[in-house]
Amino acid sequence: MSRFLGSSITRKITMALLGLFLILFLPVHLGINFLLLKSDPEPFNKAAHFMATFWLVKGFEVLLLASFLLHIFYGILLQIQNWLARGKQYKITNYSQTSFFSKFMIWTGLIIFIFLIIHFMNFYFIKIGWVQGDPENFYGVAHQLFNIPAYIILYVFSFLILGFHLAHAFWSAFQTLGWNTAGLSPVFKVLGILYAILIPLGFTLIPLIIYFS
């Protein structure tokens, strides 16, 4: 089993690479979501249709979904490993300024996973026919959801949690890969904080603008 899953270092490197891949996807998703602010539904629906039908995007979608699942799997596996070694950890851990975020990574990841399931039910599962809905009018689906206060609260809360998750994940991924040198460490930390603020902020502004306008 250990040969199949790889060593602890291999798991951490794999998880870091998967995390960076997912991080690169978020700005693309956000850019498409900004089309929801247009009064004309056609640009967003055309973008959604293209994403759903173009073969290269569909292949990327499979890779993205596999990355999500593997990232979650390795995250849980590494957390269990940390819990089992907790007695030793208390003796050797040197708490850094990122330890606050790192201690809650498994829980923020779990909240994000629950939100993803809900998000998939409202969009991805409609596209593949598992849930009833119009896959050619995701603009209408999104606007309908963003007029439900309870859903907006859940949506904003989930992206707030994502911000906390990203605050540690961005910097930690570069550290795991050995790219976080003394000279680059402050740069990665600043970029990580900016990314963890701006990306979730962009996602949360969209439903708020739609609801209050």
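Readers should treat all values here as calculations from the given coordinates under stated rules, not as data from a laboratory. This structure is a prediction, so every number in the text was calculated from the model and none was measured. As a convention, Cβ positions derive from the backbone with ideal geometry for all residues, glycine included, and neighbour counts pool all protein chains shown.
Results, tabulated for the structure shown:
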| item | result |
| --- | --- |
| Burial ordering of HIS71, HIS119, fewest other beta-carbon atoms within 10 Å first | HIS119, HIS71 |
| Candidates ILE148, ILE76, ILE13: whichever shows maximal mean-square fluctuation once the chain is modelled as a Gaussian network with Cα springs under 10 Å | ILE148 |
| Pairs of lysines in segment 2-212 (C-alpha under 26 Å apart; 8 or more residues apart or interchain) | 13 |
| Helical segments meeting 20 Å axial Cα length and Kyte-Doolittle -1.0 threshold in the chain (DSSP H) | 8-33, 55-84, 105-122, 149-176, 185-212 |
| Answer label, with Cα extents along the principal axes in Å calculated from the coordinates and candidates [x] 58, 37, 32; [y] 72, 37, 32; [z] 60, 34, 27 | [x] |
| Test item: Cα-centred dipole of segment 2-212, Lys/Arg +1 and Asp/Glu -1 on Cβ, debye | 1000 |
